[in-house]
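Read the structure below first, then the notes.
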Amino acid sequence: MAHELGHYYFGTLKVFNAELGDMMSEGFAEYLSLQVARELVSDSIYKKKIADKIKALKDFPAVAMADVKSKTDYMDRELYVYYYAPLIFTAIEKEIGLPKMWQWIKTIIETKTAFTNYSFLLQTLSAVVQDDNKMELIKSKYLSSRKTVENAAAVIQQ
């Protein structure tokens, strides 16, 4: 139910239109449902959901978001948009903190743009982070690395 409510924000208020659009719409809706689980249900349920996503991605050859040129690059849409994307967003949350994560989500929703592509994702994140070194760290670990799943799992499980 929380995932579907997330689509009010990611799908209705903000309509995505580029190669990462499906991933952003589903990935952020799933990320929001994880937040509801953590805040309104229990931290243990949240941690189990995260652990299940990490386990499901164990052998998944995820293409880094920076390298996605079309939806076919997702390889397995289910794993990419419902497991991989929210895991990456959770890792980014660990790096920037929850208040800035909420600010990023708000910025994504409110920013007018012609294309909601990778550049848009970076632009909105950079506007919130306002730290070039932190942005380079996020890009290198979670958005362009060949080891994005491993990097995200490591920071989340700390």
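Does the chain come out rounded, prolate or oblate by the C-alpha gyration tensor, with a ≥ b ≥ c the root eigenvalues, rounded set by a/c under 1.5 and, if not, prolate when a/b is larger than b/c and oblate if not? Verdict is rounded for the chain. Using a probe of 1.4 angstrom, how much of the accessible area of the stretch 84-158 is carbon and sulfur, in percent? After summing per-atom areas, the C and S share lands at 48 percent.
When Lys and Arg each count +1 and Asp and Glu each count -1, what net charge do the other residues less than 12 Å away from Glu26, Cβ to Cβ, add up to? Combined, the nearby Lys, Arg, Asp and Glu give -2. For the stretch 34-45, backbone phi angles converted through the Karplus equation (6.51, -1.76, 1.60; θ = phi - 60°) give residue-by-residue couplings of 5, 5, 4, 4, 5, 8, 10, 9, 6, 5, 5, 5 Hz, Gly and Pro being listed as x.
Per residue, how large is the accessible surface of the stretch 91-150? Use a 1.4 angstrom probe and give square angstrom.
For the stretch 91-150, the per-residue accessible area is 55 Å².
Determine the sum of side-chain charges near Ser70: Lys and Arg each +1, Asp and Glu each -1, restricted to other residues whose C-beta is under 15 angstrom from that of Ser70.
-2
These residues, Lys112, Lys49, Lys58, go from largest to smallest accessible area, 1.4 Å probe, as Lys112, Lys58, Lys49. Checking every one of the chymotrypsin sites (Phe, Trp or Tyr not before Pro) in the stretch 80-121 against DSSP loop status and a limit of 16 other Cβ atoms within 10 Å picks out Phe115.
The values are calculated or read from the model by the stated rules, or taken from the named source; none is laboratory data. What you see is a predicted model; the values in this text were computed from it and never measured. Virtual Cβ from ideal backbone geometry, glycine too; neighbours counted across all protein chains shown. All accessible areas refer to the heavy atoms of the entire protein, side chains included, with ligands and DNA or RNA removed. Shrake-Rupley method; radii C 1.70, N 1.55, O 1.52, S 1.80 Å.
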